[in-house]
Amino acid sequence: MARPIIYGWAGSTYVWSARLALAEKGVAHDLVDVPRGGQREQPHLSRHPFAKVPAFEHDGFELYETGAIVRYIDEAFSTAPLQPIDLHQFARMNQIIGIVDAYAWSAIAARIVFARLVAPRVGLPVDEADIAAALPRAKLCVSEIDRLAGDNEFLAGERVSLADLMAIPILYYFSKVPEGAGPLAEHPRLQAWLRRMEARQSFQVTKPPGM
């Protein structure tokens, strides 16, 4: 059986989530770098016609969309299940993944984290007004994830699930920018979860360089 391949750049939140899933399952993989801008060129467009990352390949089977990729990884490899059996926990996992996809990525990753961590490195202007406009939605995402997780050790229960792996890259990056410190400080349970996730081997071996 061939090693799975992830196509994308290591710093992408979604690439990181897919790599975290493989690391949690104990599955070695290859990361094929697709530099920023390269996703809009061939051959990546043949892997992902919507010009996003990651794309995924395993034993000749190709897949894109991170939610599909991480669920495939969980089903394809039998070790360390990443989806709860309990119906309520399963539903909560999917709810939190939905929040990440629909709200947190656009408010936190695309508008705040990109402006603070990426734009200065590549010489792009920073729109302070746009950051300020995104912050209320970012705070709501943090508040809701904290509320839904409750007193659980992890976001959907007492074991790591796909919800944790989808949320941790975005919230970790958010913790590294000034706009994230205040909202996260208001939620000590979520801060404790963040520290637990950072301590996991899967996080350490997939953490993007420089972060």
For segment 64-80, the count of residues that are at negative phi and acidic (Asp, Glu) equals 2
Listed by first then second residue, the pairs whose first member lies in segment 136-161 and is free of Cβ contacts under 8 Å to residues at least 12 places away in the same chain and under 20 Å from residue 198 (Cα atoms), whose partner is of a type in the set (Phe, Trp, Tyr) and part of a helix (DSSP H, G or I), with beta carbons under 9 Å and at least 6 positions apart or on separate chains, are 152/193
Exercise. Is it true that residue 115 is in contact (Cβ under 8 Å) with a residue 12 or more places away in the chain, in contact with a Ser or Thr (Cβ under 9 Å, 6 or more places away or on another chain) and either farther than 26 Å from residue 157 by Cα or small (Gly, Ala, Ser) (or both)?
Worked result: no
Scanning segment 65-79 for residues that are aliphatic (A, V, I, L, M) and more than 19 Å from the chain's Cα centre (by Cα) gives 76
Among residues of segment 4-54 being assigned to a strand (DSSP E or B) and aliphatic (A, V, I, L, M), the residue surrounded by the fewest Cβ atoms within 10 Å (Cβ to Cβ) is 32
Checked segment 90-108 for anything surrounded by fewer than 22 Cβ atoms within 10 Å (Cβ to Cβ) and either under 14 Å from residue 66 (Cα atoms) or touching a residue at least 40 places away in the same chain (Cβ under 8 Å) (or both); matches are 90, 92, 94, 95, 98, 99, 101, 102, 105
Exactly one of 62, 57, 75 is loosely packed, with under 14 Cβ neighbours inside 10 Å and touching a helix residue (DSSP H, G or I) at 6+ places or on another chain (Cβ under 8 Å), and that residue is 62
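Read-outs throughout are calculated quantities, based only on the coordinates presented, and are distinct from any laboratory measurement. The model shown is predicted, which means the values in this text are computed figures rather than measured ones. Here the Cβ is made from the backbone with ideal geometry for all residues, glycine too, and neighbour counts use every protein chain on show.
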